[in-house]
């Protein structure tokens with residue numbers, strides 16, 4: 001057991017997750033009971049019907065045993081082809097932790113330095129972009145913009161090539177100093193993929209596929225939106241009361257290191273074992289993979305390298321990440337304290353995070369935000385502020401924000417602070433406090449949003465003055 005695993009085990013003994021950790025040991029050699037598996041199936045089918053999800057695949061590993069593997073719906077509506085355990089799904093930004101692992105492995109091998117500037121590998125980028133380090137980019141604190149939402153990217157069916165990316169760096173300046181603000185940059189991760197190619201002499205897809213095969217994953221691979229790929233599910237969206245085929249992604253756009261991988265349910269046990277393996281990364285690199293970025297102020301970004309870091313009690317961490325490309329959605333959930341590793345992959349545009357948390361509660365009760373109960377609110381003014389932001393009752397006021405968020409341009413502040421959907425606003429019943437815990441130099445407040453029969457969550461990090469460092473869906 002390494003130092004990090006010892007820390008997780010110690011913390012788990014005194015937290016709500018401990019009950020599931022004990023259950024995991026007791027049931028490590030058996031799958032879920034038929035009744036529990038049936039309950040999961042009912043949840044998935046219910047959400048698929050409500051949110052028009054054509055296809056879904058769920059695989060959960062507890063300890064070293066696969067305890068749940070289910071497939072639902074149709075991989076192809078045109079040919080009435082069912083989803084199977086070998087159906088490939090685009091996992092979108094869940095790919096980011098794989099990209100980060102590839103870079104960390106190269107660092108472990110002495111083939112690159114995380115603190116080298118981007119220009120060391122890609123001299124074609126602009127000088128402003130080129131000063132940002134790989135460490136900054138992997139943690140989304142490089143200050144680099146994205147290629148979405150006003151930053152020059154038009155559509156997934158348009159090619160994203162090295163030349164277009166280099167041109168982007170020359171046309172759009174960074175939006176924040178490195179290391180001082182969090183901004184999720186697909187553009188940065190796309191450039192990281194080019195760094196991997198420069199260092200290894202292999203394409204990003206080939207390099208990652210070698211990694212997957214080394215750890216026994218039978219099907220996982222890089223995507224190519226224009227290629228014929230056997231067993232890949234078709235993407236669909238619900239529009240005007242019917243399913244429509246999603247936009248065909250360009251080959252280069254679908255294959256970027258920011259979100260260009262495919263996986264099946266049959267790959268998840270092997271990848272879970274790889275993530276737990278001492279041979280995947282050095283101890284130092286493994287810690288970097290899961291440690292949130294810490295700003296010069298000592299506050300945390302709540303994001304590591306390809307993972308959103310989370311906690312229910314301020315002590316015991318767990319990790320999750322969603323992925324989206326048109327029209328595929330994925331959730332990857334990892335709970336070191338319980339031993340749970342789970343992937344939920346789907347087509348369509350359903351709320352995959354909340355679905356995944358509901359499933360996880362059936363496997364490991366009291367291990368996700370779904371298990372939290374309403375608590376007394378000692379700071380109703382802060383709650384009112386957060387509610388105003390989520391509802392956009394008035395324009396977002398940067399005076400609400402701590403330095404790490406205020407440093408971003410105003411339109412970026414608006415983009416990175418989530419707002420409730422139109423349907424949520426129309427059906428809103430309550431926004432209630434369910435968590436208020438100390439996390440390093442921050443406090444984290446989690447709110448349950450009840451809209452109709454739909455439950456979701458928001459989490460805010462705030463400082464001693466009540467200034468918000470981040471607000472996100474969680």
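Brief remarks on what is shown
- Evaluation of residue 227 against the conditions (1) assigned to a helix (DSSP H, G or I); (2) without any contact (Cβ under 8 Å) to a residue 40 or more places away in the chain shows that the sole unmet condition is (1).
- Residue in the range 336-348 that is surrounded by fewer than 22 Cβ atoms within 10 Å (Cβ to Cβ) and either under 18 Å from residue 437 (Cβ atoms) or within 17 Å of the chain's Cα centre (by Cα) (or both) present: no
- Some residue of the range 458-473 being crowded, with 19+ Cβ neighbours inside 10 Å and modelled with pLDDT under 90: no
- Residue 191 vs. criteria part of a loop (DSSP other than H, G, I, E, B), crowded, with 21+ Cβ neighbours inside 10 Å and modelled with pLDDT of 95 or more: no
- Among the strands (runs of 3 or more DSSP E) confined to the range 240-312, the ones with at least 2 residues that are touching a residue at least 60 places away in the same chain (Cβ under 8 Å) and under 30 Å from residue 434 (Cβ atoms) are located at 308-311.
- The set of residues in the range 56-67 that are in contact (Cβ under 8 Å) with a residue 40 or more places away in the chain and surrounded by fewer than 21 Cβ atoms within 10 Å (Cβ to Cβ) comprises 63, 64, 66.
- Of everything in the range 313-334 that is in a loop (DSSP other than H, G, I, E, B) and in contact with a helix residue (DSSP H, G or I) (Cβ under 6 Å, 6 or more places away or on another chain), the residue that is surrounded by the most Cβ atoms within 10 Å (Cβ to Cβ) is 316.
- Screening 128, 39, 46 for residues that are in contact with a helix residue (DSSP H, G or I) (Cβ under 6 Å, 6 or more places away or on another chain), surrounded by fewer than 22 Cβ atoms within 10 Å (Cβ to Cβ) and part of a helix (DSSP H, G or I) leaves exactly one candidate, 39.
- Lone qualifier among 365, 409 - being within 30 Å of residue 296 (Cβ to Cβ), in contact (Cβ under 8 Å) with a residue 40 or more places away in the chain and surrounded by fewer than 18 Cβ atoms within 10 Å (Cβ to Cβ): 409
- Residue match in the range 430-439 (condition: over 13 Å from residue 460 (Cα atoms), surrounded by 12 or more Cβ atoms within 10 Å (Cβ to Cβ) and modelled with pLDDT under 95): no
The values are calculated or read from the model by the stated rules, or taken from the named source; none is laboratory data. None of the values given here were measured: they were computed from a predicted structure. Here the Cβ is made from the backbone with ideal geometry for all residues, glycine too, and neighbour counts use every protein chain on show.
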